[in-house]
Amino acid sequence: SLHDALPIFHNCMKTYLVTGAAGFIGANYIKYILAKHDDIKVVILDALTYAGNLGTIAKDIDDERCFFVKGDICDRILADELFAKYKFDYVVNFAAESHVDRSIENPQLFLMTNILGTQNLLDAARRAWVTGKDESGYPTWRNGVRYHQVSTDEVYGSLGAEGFFTEKTPLCPHSPYSASKTSADMVVMAYHDTYKMPVTITRCSNNYGPYHFPEKLIPLVILNALDGKPLPVYGKGDQIRDWLYVEDHARALYTVVTTGVMGETYNIGGHNEKQNLEVVHTICDLLDEMVPKAGSYRDQITYVADRPGHDRRYAIDASKMSAELDWQPQETFESGIRKTVLWYLENQQWVGNVKSGAYQSWIEQNYGERA
Ligand code: NAD
Ligand code: TYD
């Protein structure tokens with residue numbers, strides 16, 4: 001396999017295992033940390049599911065500091081081999097099944113990857129990083145190591161018209177996706193409490209930006225609009241999401257992985273609450289300005305069957321991140337969505353590549369049933 005040919009790293013400051021970095025947020029994260037630091041090594045472990053795209057990270061894996069391994073986070077033998085070979089300092093786990101609508105069709109895959117994959121990585125890290133026992137019988141850990149779990153605000157469930165999710169909000173997931181992410185978070189905390197494992201968790205609101213797979217609302221609407229296809233709005237389009245530009249998330253993750261307090265959970269959000277219909281209108285208006293056509297892209301909006309168990313509103317209180325780690329988002333929704341629409345217009349080759357057969361059959365299955 002490819003990783004047999006990889007060099008063994010010596011004398012570098014930090015070696016990262018980043019899982020799921022051929023996907024949307026993981027790819028943006030490795031681009032951010034490679035640009036930020038000269039003295040890091042990054043090993044990417046990604047199974048290249050439908051959501052993984054080597055084209056997204058082609059330039060990054062050309063960099064001598066970054067290596068790609070195709071594999072499943074549930075594979076125990078591979079995880080042990082990688083830990084033994086590369087002596088990781090940090091694990092940042094993005095790898096997951098991430099689409100709520102797909103979790104409604106196939107919950108088991110979500111539980112396997114998101115829960116058992118997390119547990120497999122935790123165990124591999126534990127086997128590699130434990131150095132002995134302390135006087136109370138707890139494991140002792142190699143200096144400077146950390147396991148970071150990339151989680152979601154969806155673990156908190158749904159809000160009414162008022163209020164925000166804080167780190168103390170009880171966990172109350174509704175979809176198979178969010179239930180699997182909640183379970184994974186609880187397993188991560190159990191390893192901290194039981195083995196004193198050095199871990200952190202972040203829970204982020206909805207991301208958007210470059211390299212977002214077009215099964216999710218924002219890229220789907222941009223691409224369908226340009227293709228002259230319907231813009232499917234679930235239910236009345238009055239559900240609310242708190243949108244964060246993906247580079248702000250990457251910077252928040254960098255901050256937590258390098259300076260976050262072990263055993264802590266941090267909420268990450270942009271204070272950009274928007275109704276879905278407002279998001280769709282904004283994209284249409286930007287396209288009307290950038291790629292004018294007869295009439296408006298708003299004319300393509302189509303109301304379709306609502307998602308079962310649809311969470312009504314997500315909104316993050318990220319004051320712990322700003323008070324304790326001095327992180328704030330830099331993009332507003334207005335600046336971020338403009339950049340995003342432009343990125344999709346300027347990256348038609350990437351767009352063409354992701355619209356594979358597997359993607360087309362999902363679109364036919366999901367939206368065929370909803371119409
Ligand atoms: P994505 O679906 O774009 O990418 C997931 C990546 O994981 C893909 O490259 C895929 O090939 C890989 N993968 C899937 N199963 C795997 C397995 N068994 N082994 C190895 N690799 C596997 O997801 P994303 O939107 O980039 O989300 C990344 C993480 O961030 C997820 O854990 C998700 O729960 C979390 N998150 C996402 C959002 C969001 O708005 N997208 C918000 C908050 C948190
Ligand atoms: P999505 O991007 O799937 O993210 P999540 O479900 O994780 O929040 O959906 C964002 C919102 O947009 C959600 O309320 C569902 C809605 N939505 C639509 O109205 N139409 C669509 O075609 C999609 C994919 C989502």
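The values are calculated or read from the model by the stated rules, or taken from the named source; none is laboratory data. Model, not experiment: these values are computed from the prediction. Cβ: placed from backbone, ideal geometry, glycine included. Neighbour counts: every protein chain shown. When the accessible area is computed, the model is the full protein with side chains, heavy atoms only, and any ligands, DNA or RNA have been set aside. Shrake-Rupley method; radii C 1.70, N 1.55, O 1.52, S 1.80 Å.
Just to confirm a number: summing +1 for Lys and Arg and -1 for Asp and Glu over residues other than Met290 whose beta-carbon lies under 14 angstrom from that of Met290, what do you get? Don't skip to the end; give the middle numbers.
Numbers: positive: Lys293, Arg338, Lys339; negative: Asp285, Asp288, Glu289, Glu346.
Charge balance in the 14 Å sphere: -1.
So, taking all protein chains as they sit and a 1.4 Å probe, how much accessible area belongs to Cys74, in Å² rounded to tens?
Counting only protein heavy atoms, the figure is 50 Å².
Enter the accessible area per residue of the stretch 191-321 (Å², integer; probe 1.4 Å; all protein chains in place).
34
Pop out the Kirkwood hydrodynamic radius of the stretch 113-264 from its pairwise C-alpha distances, inverse of mean 1/r, in Å to one decimal.
Working: mean 1/r = 0.0562 Å⁻¹.
Kirkwood hydrodynamic radius for the stretch 113-264: 17.8 Å.
Measure nothing fancy, just the Cα-based angle from helix 357-370's long axis to the longest principal axis of the chain, in degrees from 0 to 90, nearest 10.
In the chain, helix 357-370 runs at an angle near 60 degrees to the longest axis.
Using a Gaussian network model of the chain whose springs link C-alpha atoms within less than 10 Å, name the residue from Gln108, Gln348, Gln119 with the highest mean-square fluctuation.
Gln348
In Å and from the alpha-carbon atoms only, list the Rg and Dmax of the stretch 164-242.
Cα only, the stretch 164-242: 17.3, 55 Å (Rg, Dmax).
Would you please calculate the Kirkwood hydrodynamic radius of the chain over all C-alpha pairs and express it in Å, rounded to one decimal?
Final number for the Kirkwood radius of the chain is 21.2 Å.
Would you mind counting up the charge near Thr15? Only other residues with Cβ under 9 Å from its Cβ, with Lys and Arg at +1 and Asp and Glu at -1. Present the calculation step by step, with values, prior to reporting the outcome.
On the way: positive: Lys14, Lys41, Lys87; negative: Asp89.
Once positives and negatives cancel, what remains is +2.
What ³J(HN,Hα) values, in whole Hz, does the Karplus curve 6.51 cos²θ - 1.76 cosθ + 1.60 give for the stretch 182-199 when θ = phi - 60°, with x put for Gly and Pro?
Per residue, the Karplus-derived 3J(HN,Hα) values read 5, 4, 4, 4, 5, 5, 4, 5, 4, 5, 5, 6, 7, 10, 6, 5, x, 10 Hz.
For a Förster distance of 41 Å, can you work out the FRET efficiency between the beta-carbons of Asp326 and Ala305, rounded to the nearest 0.05?
E between Asp326 and Ala305, to the nearest 0.05, is 0.40.
Hey, what angle do you get for helix 333-346 against the long axis of the chain, alpha-carbon based, 0 to 90 degrees rounded to 10?
Between helix and principal axis, roughly 80 degrees.
Return the calculated 222 nm mean residue ellipticity for the chain, to the nearest 500 deg cm²/dmol, obtained by summing -39500 (n - 2.57) across DSSP H runs with n ≥ 4 and dividing by the residue count.
Result for the chain: -12500 deg cm²/dmol, rounded to the nearest 500.
Taking the mean number of other Cβ atoms within 10 Å as a proxy for protection, how do you rank 181-187, 47-53, 128-134 from highest to lowest? Write out the running numbers ahead of the final one.
Values: 181-187: 21.0, 47-53: 18.9, 128-134: 13.7.
Put in order of decreasing packing, that is 181-187, 47-53, 128-134.
Please give every one of the lysines within straight-line cross-link reach of Lys293, meaning a C-alpha to C-alpha distance under 17 Å, and leave out same-chain neighbours fewer than 8 residues apart.
Lys229
Taking the convex hull of the Cα atoms, report for the stretch 97-203 its projected area averaged over all directions, in nm².
Averaged projected area of the stretch 97-203's Cα convex hull equals 7.7 nm².
To two decimal places, what compactness ratio does the stretch 232-367 give when its Cα radius of gyration is scaled by 2.2 N^0.38 Å?
1.25
Mind checking the per residue accessible area of the stretch 65-164 for me, 1.4 Å probe, whole number of Å²?
42
Once you place label points 7 Å from the Cα toward the Cβ at Glu278 and Glu162, how far apart are they in nm?
If labels sit at Glu278 and Glu162, their model points lie 1.9 nm apart.
May I ask you to list the residues of the stretch 212-229 whose amide nitrogen lies under 15 Å from a point 7 Å from Cα along the Cα→beta-carbon direction of Gln348?
Within reach of a label on Gln348, which here means backbone N under 15 Å from a point 7 Å along Cα→Cβ, the stretch 212-229 contributes 223-228.
Considering only C-alpha atoms, what is the centroid distance from the stretch 37-97 to the stretch 272-318, in Å?
Result: 34 Å between the Cα centres.
Quick one: with all protein chains in place, what share of the accessible area of the chain is carbon or sulfur, to the nearest percent (1.4 Å probe)? Kindly include the intermediate steps, with their values, before the conclusion.
On the way: 8120 of 15530 Å².
Solvent-exposed carbon and sulfur of the chain make up 52 percent of the total.
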